[in-house]
Amino acid sequence: MVRAIVQSMRPKQWIKNLLVFAALVFSKNLLDMGSVLRSVGAFAVFCLLSGAVYIINDLMDRENDRRHPRKRNRPIASGRLKPGPAISAAAVAVAGGLVAGWFLDWRFAVVGAVYFVMQVAYSLRLKRVVVLDVMIVAIGFAFRAVAGTFVVHVAISHWLFVCTILLALFLALAKRRHELVFLEGGGISHRSVLGKYTSTLLDQMIAVATSATVVAYCIYTIAPETVAKFGTHNLILTFPFVLYGIYRYLYLVYRRDLGGAPERVLVTDLPLIVGVLLWMASVIVVLYVKF
């Protein structure tokens, strides 16, 4: 049962919660051990909260998941985890996460609570509202980034919010396209909102999100307030890695049909992994090394 509960919390999805570390890095607190430990705690809290959301989502979708070629093997859909223990596990995860979040920072706990309520609303209703469904997913990513600012006690960066939500929107739209194409006729029965999209519409939305993400990050690196904050014009040197990562992911979506699981792609595609690591290294060098 414990294994089934952990599987239902989808540890592979927890890579998304690494966004709480963005504020740590870009506030130049990476070398402050107290900030690092609080960020690790924030990561753990979001793992509990997001894990509880996944359990609730699987409970709500268990009938549809049984008709999905992959999701039918999930613990709840397959019957390995009964609704009673699943609900209890979700309640414990939420309570533990919010209590721990309150000790980190009360504002962080508030953001965590709002995130949880929003995700539950998504599972109950909002995932069936066209466009709003992908917007809620993107906002969930932005909440992670914003929450990370509270535990390291820095001001919320509007650039961090904008870039995060645009990138998340790009990934969410690519996932919707994969579901629509991969599941073909059965996709609508699995996720009703897919009937309101077409591949052409999603392609156009992906193009807009892609362009907006690239332009927003580029402007951020050269903005006067960014240069003044970090004391360097060199953050623009990290831009080519972002551009490569976006293009590589588009290639994987359109030529390899891998847009259905962004968290899996980010840890299995070697060129993309190298690109992300080089971007992270370049950001750390530019922000923390004087030259």
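The values are calculated or read from the model by the stated rules, or taken from the named source; none is laboratory data. Since the structure is predicted, the reported quantities are computational estimates derived from the model, not experimental observations. Note that we place each Cβ from the backbone using ideal geometry, even for glycine, and neighbour counts take in every protein chain shown.
Here are the numbers for the structure shown:
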{"quantity": "Count - residues of region 1-24 that are assigned to a helix (DSSP H, G or I), in contact with a Leu (Cβ under 9 Å, 6 or more places away or on another chain) and surrounded by fewer than 17 Cβ atoms within 10 Å (Cβ to Cβ)", "calculated": "1"}
{"quantity": "Every pair of residues 6+ apart whose Cβ atoms lie under 8 Å, when the first sits in region 260-273 and is more than 14 Å from ASN17 (Cβ to Cβ) while the second is acidic (Asp, Glu) and surrounded by 14 or more Cβ atoms within 10 Å (Cβ to Cβ)", "calculated": "GLY260/GLU179"}
{"quantity": "Output for region 192-214, where each listed residue is hydroxyl-bearing (Ser, Thr, Tyr) and over 22 Å from LEU243 (Cβ atoms)", "calculated": "SER192, TYR197, THR198, SER199, THR200"}
{"quantity": "Residue check, GLY84 in contact with a Leu (Cβ under 7 Å, 6 or more places away or on another chain) and part of a helix (DSSP H, G or I)", "calculated": "no"}
{"quantity": "Inter-residue pairs, beta-carbon under 9 Å, first under 17 Å from VAL285 (Cα atoms) and outside any helix (DSSP H, G or I) and in region 220-234, second at pLDDT below 90 and not aliphatic (A, V, I, L, M), 6+ apart", "calculated": "GLY231/LYS290; THR232/LYS290; THR232/PHE291"}
{"quantity": "Residue among ALA261, ALA228 that alone is under 23 Å from VAL154 (Cβ atoms), at pLDDT below 95 and of a type outside the set (Val, Ile, Thr)", "calculated": "ALA228"}
{"quantity": "Filter result (within 14 Å of HIS178 (Cα to Cα), part of a helix (DSSP H, G or I) and not aromatic (Phe, Trp, Tyr)) within region 240-262", "calculated": "LEU250, LEU252, VAL253, ARG255, PRO262"}
{"quantity": "Any hit, region 33-56, residues being more than 30 Å from MET280 (Cβ to Cβ), in contact (Cβ under 8 Å) with a residue 12 or more places away in the chain and either buried (at least 20 other Cβ atoms within 10 Å of the Cβ) or not acidic (Asp, Glu) (or both)", "calculated": "yes"}
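Conditions (1) farther than 18 Å from VAL25 by Cβ; (2) modelled with pLDDT of 90 or more; (3) of a type outside the set (Gly, Ala, Ser), marked per residue:
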position	(1), (2), (3)
VAL214	yes, yes, yes
VAL242	no, yes, yes
VAL265	yes, no, yes
VAL274	yes, yes, yes
VAL285	no, yes, yes
